[in-house]
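The values are calculated or read from the model by the stated rules, or taken from the named source; none is laboratory data. Just so it is clear, the structure is predicted and the values come from calculations on it, not from any experiment. Because the Cβ atoms are built from the backbone with ideal geometry, glycine has one as well, and the counts that use them run over all protein chains shown. Please note that ligands, DNA and RNA were not included when accessible areas were found on the heavy atoms of the full protein model with its side chains. Shrake-Rupley method; radii C 1.70, N 1.55, O 1.52, S 1.80 Å.
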Amino acid sequence: SSMSAFFEEGDVIINPLDRRGRPWDLMGELSDEASYRQIAAALIPYMPGSNNDSWVDDGRTVLTAVLRSWKSLELGSMSSLAKLLGSQDIQRLAELVEGSAAARFFAEGNERMLGSVLARLTVASEMIGLLAKGTGEPVSIRRWVHEGQGRLWLPYRTDQVQTLKSAYACLLSIAMIETLSLPPNETRRLWFAIDETDHLGRITDLELLL
C-alpha cells in the first residue's frame, strides 16, 4: 500500500478501525455560520439517484442548528452528540433548535416531515460516532489543511470499505472545500491522492476540486 512506502514520522492517520488512528475533532471544524452549514452538508450528503433531496436539505437544516447549540453551550463529546442524534429524542432535539429555522420541523402536525429528518440525522449519527473513535489528540481537517505537516492518511483495507466509505467521503469533502477557500499562494503544495475513488461512493465536492 502507499502507506507502507511513504508513511513518515509526524504523518496523521484517521481510521477508527486502526489502532494508530486518531479521532476526528468535529468541534474543531466549527467556527462561523458557513462552517456549520458546510459540516452539516458533509455529514448528510445527497444520495446518488435519489429523488428526495428536499429531505436531505431539511436534515441539514436541523443538524446545523443542533451543531450550533452543541458548540456554543459546550454540551459534551462527539460520542454524546452521536448518541443524541441517533436516539430520536424529539424533546431534547427540539430544545436545541429552539429559535432557529429548524424549529418548524418539531411543530405539531409536522410528524411525517420530522420522521424523514430524523432518518437523516441517523446517518450523521453513525458517521460522528464512528469517527469519534481513536487514540491521541483529535484531528480537525480544516486546521490540518492550514497548519498540517507531512501527510494526512485515510487508509482502509478492502474489508473495511463498507464501514468507512461514507465517513471518508465526509472528511474528504471538508478537506476539499477548505483547500479551495485558501488564499492564493504560489509556494503552497497541497496534493490529494485518492486511490480507488469509486469504492468511496459519492464524494460531494470532488468535481468542484477538479
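Go through (1) open to solvent by 70 Å² or more (accessible area, probe 1.4 Å); (2) in a loop (DSSP other than H, G, I, E, B) and name the single condition SER4 misses.
So SER4 meets the others, but not (2).
I'd like the full set of residues that are at pLDDT 90 or above, under 20 Å from THR204 (Cβ atoms) and of a type in the set (Phe, Trp, Tyr), limited to the stretch 50-76.
none
How many residues are open to solvent by 20 Å² or more (accessible area, probe 1.4 Å) and more than 24 Å from GLU137 (Cα to Cα) when one looks only at the stretch 7-51?
11
Which pairs have Cβ atoms under 7 Å, sit 6 or more apart or on different chains, and link a residue in the stretch 5-27 that is on the phi > 0 side of the Ramachandran plot to one that is in a loop (DSSP other than H, G, I, E, B) and surrounded by fewer than 19 Cβ atoms within 10 Å (Cβ to Cβ)?
Taking only residues 6 or more apart or on different chains, the pairs are GLY10/GLN149; GLY10/GLY150.
Among helices (runs of 4 or more DSSP H) lying entirely in the stretch 101-184, which contain 3 or more residues that are buried (at least 20 other Cβ atoms within 10 Å of the Cβ) and touching an Asp or Glu at 6+ places or on another chain (Cβ under 6 Å)?
Counting at least 3 such residues, we get 161-180.
Report the residue count in the stretch 135-154 for those that are closer than 13 Å to ALA175 by Cα and of a type outside the set (Val, Ile, Thr). Lay out the reasoning, then the answer.
Filtering the stretch 135-154 down to residues closer than 13 Å to ALA175 by Cα leaves 139-148, 151-154.
If we keep only those that are of a type outside the set (Val, Ile, Thr) too, we end up with 140, 142-144, 146-148, 151-154.
Residues meeting the conditions: 11.
Select from the stretch 1-33 the residues that are of a type in the set (Asp, Glu) and more than 30 Å from SER72 (Cβ to Cβ) and list them in ascending order.
GLU8, GLU9, ASP11, ASP18
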